[in-house]
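Rule-based calculations on the coordinates, nothing more; no lab input. Since this is a predicted model, take the numbers as computed values, not measurements. Positions of Cβ are generated from backbone atoms using ideal geometry, with glycine treated the same way; all protein chains shown enter the neighbour counts.
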Amino acid sequence: MMEMTANGVAAQVDAPATDDRPALPVLYRDEWLAVVDKPAGLMVHDSALARGETDFAADRLREQFGRPVFLIHRLDRATSGCLLLAFDRDTASLLGHAVMANGLRKDYLAVCRGWPEEEFVVDHPLDGGPGKPQKKPAVTGFARLATVELALPSAGFPTSRYALLQVRPQTGRFRQIRRHLKHVSHHLIGDSSHGDGRHNRAFRMLGIHRMLLHAQRLAFTHPVTGVACDTVAPLDAEFTKALSLFDPA
C-alpha cells in the first residue's frame, strides 16, 4: 500500500488482503480518499454489462478498507490503472465537482494500429452506452510516443504498423478512448468491442492477450488538504511485453 507524504510523493505501506482475493495495490491513501491500481479484467462495479459476474472492485475495496467507498470515476473492465475513490459522501461530492470542472489530470497509455500524426485531438460526440442514446460532447487528446513496424502480414501488406500513445481525455464518456480511436481508424489493440480483430489476433500470437489501455497517471488537488496528489500506476507484465516491441528511444 502507498501513502502520500507531505511533498506529494507516494510511499509504500502494507495493504490487507480480502478473503481469498488479492488486495488491490494502493497508490495513495489518507482518511478521506484513496487511489488504487485496478488490474485489467476486474469490473469496477455491478452493471448491465456484468453478465453474471460476481467479483467487483467496489466490493473488494469495501472489504479491503473496512469502510464504505464512493467511486469517483470508472474504468472499463479491460482497462488497468489508477482508480480514485472517497471514504465519505462530502469528499466524494468535492471530488465529483472537481471531475465536472476538469480538475483531474488523467493520463493513459495505449497501443493502436497504424501510425497517427504526432499530436491530434478527437472532438466527436458520444452516446452514454446501452440504453443512453443521447449524445454529449467528447474530446480526447493524443500524443504519439513511439512507433514500430512488425513482420505481421495484414490486409495484403507484409508488415503491420503500431503506435504507442499518451492519451488525455478531457471528458469522461462511455468507452471514450476506445471509441475515439475507432472513429479515426487507429483501433485500440486488444479491444474486442471496438478494435480490429486481425490485429488483436496478431498480438495474441505474440503472447499479449489483454486490451492495451492503462490509466497510468492521476493527478489532482486534494479537496480537503489542498495538497497536490500525483499517482502513477505501474504496468503489468503483458503491457510491459507490448512496450518492449517499440524502439527503446
(request) Please compute the net charge surrounding residue 102, taking Lys and Arg as +1 and Asp and Glu as -1 over other residues with Cβ under 15 Å from its Cβ. (result) +3
(message) Which one, 64, 116, 172, projects farthest toward the positive side of the charge dipole computed for the stretch 2-243 from Cβ point charges (K/R +1, D/E -1)?
(response) 116
(message) Can you show me the helix-derived [θ] at 222 nm for the chain, built from DSSP H runs with n ≥ 4 at -39,500 (n - 2.57) apiece and divided by the number of residues, rounded to the nearest 500.
(response) -5000 deg cm²/dmol
(request) Using 0.36 nm per residue of separation minus the Cα-Cα distance, give me the extension gain between residue 227 and residue 99 in nm, one decimal. (result) 44.4 nm
(request) May I have the count of lysine pairs in the stretch 2-243 with C-alpha atoms under 20 Å apart, counting pairs 8 or more residues apart or located on different chains? (result) 6
(message) Please compute the modelled spin-label separation between residue 174 and residue 115, points set 7 Å along Cα→Cβ, answer in nm with one decimal.
(response) 3.6
(message) Connecting C-alpha atoms closer than 10 Å in a GNM of the chain, tell me which of 176, 166, 134 has the biggest fluctuation.
(response) 134
(message) Per residue of the stretch 178-183, what does 6.51 cos²θ - 1.76 cosθ + 1.60 with θ = phi - 60° give for ³J(HN,Hα)? Whole Hz please, x for Gly and Pro, Karplus curve as stated.
(response) 4, 6, 5, 5, 4, 4
(request) Evaluate E = 1/(1 + (r/R0)^6) for residue 157 and residue 219, where r is the Cβ-Cβ distance and R0 equals 51 Å; express this FRET efficiency to the nearest 0.05. (result) 0.80
(request) Count charges around residue 83 for me, please; just the other residues with Cβ under 10 Å from its Cβ, Lys/Arg as +1, Asp/Glu as -1. (result) +1
(message) Using a Förster radius of 25 Å, what is the FRET efficiency between residue 124 and residue 63 based on their Cβ-Cβ separation? Nearest 0.05, please.
(response) 0.05
(request) Give, rounded to the nearest 20 debye, the magnitude of the charge dipole that the chain has about its Cα centre when Lys and Arg contribute +1 at Cβ and Asp and Glu contribute -1 at Cβ. (result) 920
